[in-house]
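Please read the structure below before turning to the comments.
The values are calculated or read from the model by the stated rules, or taken from the named source; none is laboratory data. Keep in mind the model is a prediction, meaning the values are calculated, not measured. Here the Cβ is made from the backbone with ideal geometry for all residues, glycine too, and neighbour counts use every protein chain on show.
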Amino acid sequence: MAEKDDHYIGTDSILREFAKKGHELEFFFVPSGGSANPLSVKFLAFLTQLEDSYSSDWTSDKVYGRMDPIATFQGTIRTISLGWSVPAYSGEEAKNNLLKMSKLISMCYPVYGGQNTSARGASQISGAPLIKLKFANLISGMNSSSGDSDKLSGAAQNGLLGWINGINFTPNLEAGFFDPSPGLLFPKQIDLSCQFNALHQHALGWTRSLAKESESDSDASGGAASGLRKQEGTKNFPYGSSFTAGGKYASVETPKINQFVGPPMEEEFVGPPMEEEFVGPPMEESPAAKKAAGITDDLLGGSGGLA
């Protein structure tokens with residue numbers, strides 16, 4: 001069991017109620033799980049930052065003559081950026097906060113094996129400093145549910161596995177210090193931050209539904225028209241809220257997709273019929289024009305022509 005100093009020791013009734021409700025950040029040191037005294041530490045969640053990022057990693061190759069690159073999916077990485085404050089309302093709380101800090105910082109170091117304690121080399125590391133982190137249902141393992149008692153379980157039972165890049169320890173100088181005796185300073189407020197890299201212990205993503213061999217094949221979800229279903233054990237991922245999608249078997253009938261036709265097209269506007277061009281009566285040629293063309297009254301059958 002964890003030591004009592006992992007919990008809130010102050011006298012504030014409101015903060016004590018928050019602690020009872022699980023409004024705490026808990027770090028559990030995984031290599032200590034098999035020991036008689038597993039190492040964990042809790043902080044009241046005075047959060048200043050909570051950023052949960054999911055980054056999909058793709059590699060792209062450009063091909064000659066192709067405008068778009070060929071993309072290949074590699075994986076999805078989850079990182080959580082955390083920031084929180086640790087206030088102290090008494091000298092006793094401030095001293096206990098430094099004890100918690102010592103525990104948390106020690107979780108950044110590995111476990112060494114062997115009997116030789118005089119020298120430590122990289123070849124003697126027997127356990128990496130993996131951590132399980134838990135904060136209510138927002139940071140938890142796959143067993144967390146918004147509707148059962150698992151939400152109050154500890155990080156050892158239902159924490160999110162991963163590692164931290166390091167701890168940033170910043171005493172708030174404006175808040176000041178408790179100085180109970182010469183040479184001792186206990187910060188009244190400590191600002192902390194870290195980045196947590198998640199290692200999921202369950203399958204993620206989707207699987208394809210099985211093709212039905214007969215109408216008697218069915219499951220609780222009634223089949224999946226899309227032919228996809230969630231991986232087993234991921235119903236509460238990642239924040240304790242489950243949803244049902246897909247099923248063990250795909251639907252027999254292929255869903256019909258109606259072609260979108262849209263509203264009837266209006267006829268093209270042509271306008272009123274064009275009026276014929278006015279030509280007028282035929283124009284008579286002048287005598288000068290007739291003479292120039294070699295046309296005489298004789299040729300036209302006028303007076304003076306051949307009888």
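Some points to look at:
- Qualifying residue in region 144-153 (condition: at pLDDT 95 or above and among the charged types (D, E, K, R)): no
- Which numbered condition Phe46 fails, given (1) out of contact with any Leu (no Cβ under 8 Å at 6 or more places or on another chain); (2) at pLDDT 95 or above; (3) closer than 17 Å to Ile167 by Cα; (4) not acidic (Asp, Glu): (2)
- Considering residues of region 182-210 that are polar (S, T, N, Q) and within 22 Å of Val86 (Cα to Cα) only, the residue surrounded by the fewest Cβ atoms within 10 Å (Cβ to Cβ): Ser193
- Any hit, region 85-95, residues being of a type outside the set (Ser, Thr, Tyr) and loosely packed, with under 12 Cβ neighbours inside 10 Å: no
- Here Leu82 fits the description: under 18 Å from Ile131 (Cβ atoms) and either surrounded by 15 or more Cβ atoms within 10 Å (Cβ to Cβ) or within 30 Å of the chain's Cα centre (by Cα) (or both).
- Scanning region 44-87 for residues that are of a type in the set (A, V, I, L, M, F, W, C) and free of Cβ contacts under 8 Å to residues at least 12 places away in the same chain yields Val63, Met67, Ile70.
- Residue match in region 231-242 (condition: surrounded by 13 or more Cβ atoms within 10 Å (Cβ to Cβ), at pLDDT 90 or above and touching a Gly at 6+ places or on another chain (Cβ under 8 Å)): no
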